[in-house]
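Q: First, the structure itself, so that you have it in front of you.
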Amino acid sequence: MLKISILESGEAVTLQLEGQLSGKWVDLLLLTSEEYLHRNAKLTLDLTKVQFADRDGITLLKRLVGRQVAILNASPLITQQIGSAAP
């Protein structure tokens, strides 16, 4: 299961994720992210409470990083897997 909390502040949007980024939940994050990216929002994902991301979840995170989405508070393992400079 994946819970997405949305925090909007002007042009900036933070999606706080909680749970597991796997299976059908990857599609949920994709749809939610696309909604804000189409609005040209400055999108940030807060992964503080993400316990696990499967291969599809990591692939999506990599794609989002490539689209200038900021990743915050990723675990060391997820940070290594996406190959970003996420803290």
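The values are calculated or read from the model by the stated rules, or taken from the named source; none is laboratory data. Note that this is a predicted model, so its numbers are computed, not measured. For neighbour counting, all protein chains shown are included, and Cβ atoms are generated from backbone atoms with ideal geometry for every residue, glycine included.
Q: Considering only region 7-17, state which residues are in a strand (DSSP E or B), over 12 Å from the mean Cα position of the chain (by Cα) and not aliphatic (A, V, I, L, M). So that I can check it myself, show each step before the final result.
A: First, the residues of region 7-17 that are in a strand (DSSP E or B): 7-9, 12-17.
Keeping just the survivors that are over 12 Å from the mean Cα position of the chain (by Cα) gives 7-9, 12.
Once the filter is applied, which keeps residues that are in a strand (DSSP E or B), over 12 Å from the mean Cα position of the chain (by Cα) and not aliphatic (A, V, I, L, M), region 7-17 yields GLU8, SER9.
Q: So GLN20 fits all but one of (1) touching a Gly at 6+ places or on another chain (Cβ under 9 Å); (2) assigned to a helix (DSSP H, G or I); (3) polar (S, T, N, Q); what number is the exception?
A: Evaluating GLN20 over (1) touching a Gly at 6+ places or on another chain (Cβ under 9 Å); (2) assigned to a helix (DSSP H, G or I); (3) polar (S, T, N, Q) leaves (2) as the failure.
Q: While we're looking at this one, here's another question. Search region 59-77 for residues that are without any contact (Cβ under 8 Å) to a residue 40 or more places away in the chain and polar (S, T, N, Q) and pair each with any residue that is crowded, with 20+ Cβ neighbours inside 10 Å and not in a loop (DSSP other than H, G, I, E, B) when their beta-carbon atoms are under 7 Å apart and the residues are at least 6 apart or on different chains.
A: ASN73/LEU47
Q: Report, by residue number, each residue of region 36-78 that is over 9 Å from the mean Cα position of the chain (by Cα), within 15 Å of LEU17 (Cβ to Cβ), among the β-branched types (Val, Ile, Thr) and in a helix (DSSP H, G or I).
A: Once the filter is applied, which keeps residues that are over 9 Å from the mean Cα position of the chain (by Cα), within 15 Å of LEU17 (Cβ to Cβ), among the β-branched types (Val, Ile, Thr) and in a helix (DSSP H, G or I), region 36-78 yields ILE58, ILE78.
Q: Scan region 31-62 residue by residue and report those that are at pLDDT 95 or above, of a type in the set (A, V, I, L, M) and surrounded by 15 or more Cβ atoms within 10 Å (Cβ to Cβ).
A: Within region 31-62, LEU37, LEU43, LEU45, LEU47, VAL50, ALA53, ILE58, LEU60, LEU61 meet the criteria.
Q: Show the residue pairs meeting these rules: Cβ distance below 6 Å; 6+ apart or different chains; first residue within region 1-14 and more than 12 Å from GLU35 (Cβ to Cβ) and basic (Lys, Arg); second residue modelled with pLDDT of 95 or more and part of a strand (DSSP E or B).
A: Pairs that qualify, where the first residue is more than 12 Å from GLU35 (Cβ to Cβ) and basic (Lys, Arg) and the partner is modelled with pLDDT of 95 or more and part of a strand (DSSP E or B), are LYS3/GLU18; LYS3/GLY19.
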